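Asker: Sharing a structure, written as structure tokens. Questions coming.
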């Protein structure tokens, strides 16, 4: 069995066509999740902390950003964990809709072991991402500082390309860890890594297609927001409300559509990797080994 990139990448669009009500429910959940997360932020940091963060965030000095993170300390860790868990709930629902389509209670949304597993997967993924980028980047910066002349430029350029290539390779090889953990009911990084052996370029194409589709959906929703703003301001203008700002209304509609856009993008990405996993394990799934 092998990955069929185009078929996998288009699964998200097929999900939107087959189950529009479910996708809308996911968007509503994501909107609620954002509101809950905002409440957690407000309670944990407080109005004075939020004011200080807003003031420092406008600064162009990266040290101010680091000061914000360090001052929050454990609160930042808790907030990141909450954000990742909420994302894991939605990711699990999308993966469940692909791997367990009949298990559609509550629009596939759950708060259980699978969601906690995907939270751990997210933490592992972030940890690996930092390891394969931050450490090599530190070595690159040190090496560049020790060199001079043309050698410095070549070292910096080739080193940057090497870091991008290495981190991309690791990301692709671990891209099926989420659906693998969901389907096998345990996290096995080595098994998920081995699963992608010989599938690298197919998975690269899958990710390219998924990213392109995500961008298309983003720009399409942005254009829809602009069109709606034009229609609304035109209608209001005919009734004496021409002073309303079309730009402001467009920005407001963009904000209101943001949870829907993010949901669309998550559906495209998570459905794609879930289908890729299913394609590689179809024989075992048919035999009931993943139940």
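No value in this document is a laboratory result; all are computed from the given coordinates. It should be emphasised that the depicted structure is a prediction, and the values quoted were computed from it without experimental measurement. Cβ atoms come from the backbone with ideal geometry, glycine included; neighbour counts cover every protein chain shown.
Asker: What FRET efficiency would be calculated for the residue pair residue 113, residue 222, taking the C-beta separation as r and a Förster radius of 41 Å, to the nearest 0.05? Intermediate values should be presented prior to the final figure.
Answerer: Values: r = 38 Å, r/R0 = 0.92.
So, using R0 = 41 Å, E works out to roughly 0.65.
Asker: I need the peptides 86-95, 157-166 ranked by packing, meaning the mean over residues of other C-beta atoms within 10 angstrom, with the highest value on top. Before the final figure, lay out the partial values.
Answerer: Working: 86-95: 23.7, 157-166: 12.8.
Sorting 86-95, 157-166 by mean packing, highest first, produces 86-95, 157-166.
Asker: Using alpha carbon centroids, what distance separates the range 161-181 and the range 106-128, in Å?
Answerer: So the two Cα centres are separated by 18 Å.
Asker: First check a/c for the range 74-163, with a ≥ b ≥ c the square roots of the eigenvalues of its C-alpha gyration tensor; if it is under 1.5, answer rounded, and if not, answer prolate when a/b is larger than b/c or oblate otherwise. Intermediate values should be presented prior to the final figure.
Answerer: On the way: a/c = 5.42, a/b = 2.73, b/c = 1.98.
Verdict is prolate for the range 74-163.
Asker: Among 106-112, 203-209, how do they line up by average Cβ neighbours within 10 Å per residue, starting with the highest? If you can, show how the numbers build up before the last one.
Answerer: Numbers: 106-112: 14.9, 203-209: 18.1.
In descending order of packing, they fall as 203-209, 106-112.
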